[in-house]
Amino acid sequence: MVASESGSFVEARKLGKQVATREGVLTLLDDINFSIDTGTSIAILGASGSGKTTLLGLLAGLDTPNEGDVIIDGCVLNDLDEDGRAQLRAGMVGFVFQNFQLLPGLTAIENVMLPLELAQSPHPRITAKELLERVGLGERLNHYPNQLSGGEQQRCAIARAFVTRPRCLFADEPTGNLDSETGRHIIELLFELNAEQGTTLVMATHDVKLSAMCDRRLHLEAGRLVNEENAAQHD
């Protein structure tokens with residue numbers, strides 16, 4: 001455990017990530033430093049290949065850095081093994097993947113129930129049903145992912161991410177696979193649930209309209225943090 005910066009819930013300290021390739025070592029992220037206050041919304045912007053998804057995965061504890069530390073609520077993720085990171089995520093982190101990653105053999109309600117069942121929460125079916133109704137899928141509870149449209153799958157994924165009332169939600173290109181109208185509804189839903197639950201929201205996106213709604217915007221270029229804007233700068 002380490003002391004967090006005042007008010008910070010997520011911190012990146014001198015974060016670096018490299019991978020070995022046939023051509024040599026490729027640097028995905030280099031010397032990334034920032035902190036995210038509890039309850040705020042952050043957009044991580046950058047061109048394809050800039051390191052957005054890699055950074056999101058490190059912040060959520062889905063991957064480990066080669067250098068530096070990620071700290072969530074005062075807990076250094078590098079101090080935890082894989083099981084420890086999974087336990088931390090189950091307790092306070094939600095994640096919305098770009099390709100949804102719903103389990104194809106489970107219905108919508110079963111997908112949303114799963115994290116509740118893993119956490120041994122009481123009444124998982126009732127809780128999952130209420131949230132699916134909240135995101136407009138009350139008539140699709142027993143449909144499998146391949147029976148849902150892209151927008152419906154994304155709403156199901158959002159319901160699954162929010163169902164445990166996480167303190168922090170990470171979303172990777174939440175509107176990237178959707179048409180503009182469906183994307184607008186997904187954006188509204190994300191921010192409505194974020195406001196209702198007081199969740200810290202961190203999104204990797206190339207969607208300018210989505211990023212403009214966030215409190216802060218972090219710009220990545222070739223794995224380095226090159227610029228940062230707060231809400232006052234882009235209102």
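The values are calculated or read from the model by the stated rules, or taken from the named source; none is laboratory data. Please read these numbers as outputs of a predicted model, since none were measured by experiment. Counting neighbours? That spans all protein chains shown, and the Cβs are built from the backbone with ideal geometry, glycine included. Side chains included, ligands, DNA and RNA excluded: accessible areas come from the protein's heavy atoms. Shrake-Rupley method; radii C 1.70, N 1.55, O 1.52, S 1.80 Å.
Computed over the stretch 90-235, relative contact order equals 25 percent, with contacts defined as Cα pairs under 8 Å that lie 6+ residues apart. The angle between the Cα long axis of helix 108-118 and the longest principal axis of the Cα atoms of the chain comes to about 60 degrees, rounded to the nearest 10.
Quickly estimate the mean residue ellipticity at 222 nm for the chain, helices only: each DSSP H run with n ≥ 4 gives -39500 (n - 2.57), and the total goes over all residues, rounded to 500.
Numbers: 8 runs with 81 residues, N = 235.
That calculation yields -10000 deg cm²/dmol at 222 nm.
Packing here is the average count of other Cβ atoms within 10 Å per residue, and on that basis the peptides 61-71, 132-142, highest first, run 61-71, 132-142.
Solvent-free Debye calculation, one equal scatterer per alpha-carbon of the stretch 31-98: log10 I(q)/I(0) at 0.14, 0.23 Å⁻¹ equals -0.44, -1.22.
Computed over neighbours whose Cβ is under 14 Å from that of G46, the net charge equals -4, Lys and Arg +1, Asp and Glu -1.
A Förster radius of 25 Å, combined with the Cβ-Cβ distance separating R224 from T64, puts the computed FRET efficiency at roughly 0.80. Computed from Cα positions, the angle between helix 180-197 and the longest principal axis of the chain comes to roughly 80 degrees. Counting only alpha carbon atoms, the long axis of helix 82-92 and the longest principal axis of the chain meet at about 60°.
Can you give the local net charge around M92? Use residues other than it whose beta-carbon is closer than 14 angstrom to its beta-carbon, Lys and Arg +1, Asp and Glu -1.
Values: positive: R85, R89, R165, R167; negative: D73.
It works out to a net charge of +3.
Net charge of the neighbourhood of E110, taken over other residues with C-beta under 13 Å away and scored Lys/Arg +1, Asp/Glu -1, is +3.
Suppose we keep just the DSSP beta bridges with both residues in the chain; what percent of those would be antiparallel, to 5?
Values: 23 of 40 bridges.
Close to 60 percent.
Once divided by 2.2 N^0.38 Å, the Cα radius of gyration of the chain becomes 1.00. For the stretch 136-235, a Kirkwood hydrodynamic radius built from all Cα pairs, placed in the Stokes-Einstein relation at 25 °C and 0.890 mPa s, yields a translational diffusion coefficient of 166 µm²/s.
For an R0 of 30 angstrom, estimate the FRET efficiency from the Cβ-Cβ distance between E196 and L80 and round to the nearest 0.05. Intermediate results must be reported in sequence, preceding the final value.
Numbers: r = 30 Å, r/R0 = 0.98.
Efficiency, rounded to the nearest 0.05: 0.50.
In the context of the full protein assembly, M213 retains an accessible surface of approximately 100 Å², using a probe radius of 1.4 Å and ignoring ligands and nucleic acids. Toward the positive end of the charge dipole of the chain, with +1 on the Cβ of Lys and Arg and -1 on the Cβ of Asp and Glu, the farthest Cα among S41, L62, Y144 is that of Y144. At q = 0.09, 0.20, 0.24 Å⁻¹, work out log10 I(q)/I(0) for the stretch 73-184 with the Debye formula, treating every Cα as an identical point scatterer and leaving solvent out; two decimals please. Reported log10 I(q)/I(0), two decimals: -0.24, -1.06, -1.37. Average projection, convex hull of the Cα set of the stretch 152-199: 3.0 square nanometres.
Note the per residue figure in Å³ for the convex hull of the C-alpha positions in the stretch 4-124. Provide the component values of the computation, followed by the final result.
On the way: hull volume 18.4 nm³, N = 121.
Enclosed volume per residue, from the Cα hull, is 152 Å³.
May I ask you to derive the relative contact order of the stretch 26-128, considering only C-alpha pairs under 8 Å and at least 6 residues apart, and to give it as an integer percent?
The normalised contact order for the stretch 26-128 reaches 15 percent.
Beyond 20 Å, what share of the Cα-Cα pairs of the stretch 68-131 remains, rounded to the nearest whole percent? Don't skip to the end; give the middle numbers.
On the way: 816 of 2016 pairs.
Tail fraction, whole percent: 40.
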